[in-house]
Amino acid sequence: MLIIPKDKIVPKLVAINTSLAVVLNFIFKNIFRRQRPFEYMLVDVSGYSFPSAHAMVGVAFYGTLLYLNDRFIKDKKLKIVLDIILWIL
């Protein structure tokens with residue numbers, strides 16, 4: 001986010017996209033209603049297990065950064081390096 005030009009839409013886009021992923025995750029969990037596997041629980045948690053909120057929010061966050069990288073970064077070498085780093089993350 002520090003490399004991207006200071007545009008007021010950038011932090012808003014990241015926040016909106018990540019928030020949308022959280023809301024969609026809640027909706028999908030209530031549609032699929034897959035119970036957590038109780039055999040291997042290390043901590044006591046409630047709620048449904050699918051889809052994973054951590055994975056969904058991570059994909060939304062880093063996917064947004066990939067999009068912003070391709071849109072705002074003009075230096076081709078820097079864009080490739082950042083794309084590789086974001087894909088790994």
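Nothing in this text is a laboratory measurement; each read-out follows from the coordinates by a stated rule. These numbers were taken from a predicted model, which means no experiment stands behind them. Here Cβ is always computed from backbone atoms with ideal geometry, including for glycine, and neighbour counts include all displayed protein chains.
Partners of residue 8 within straight-line reach, counting lysines whose Cα lies under 29 Å from its Cα and excluding those fewer than 8 residues away in the same chain: 74, 76, 77, 79.
Sites listed here are trypsin sites (Lys or Arg not before Pro) in the range 51-89 whose DSSP assignment is loop and whose Cβ has at most 10 other Cβ atoms within 10 Å: 74.
Computing FRET efficiency as 1/(1 + (r/R0)^6) for residue 85 and residue 24, where r is the C-beta to C-beta distance and R0 is 41 Å, gives about 0.95.
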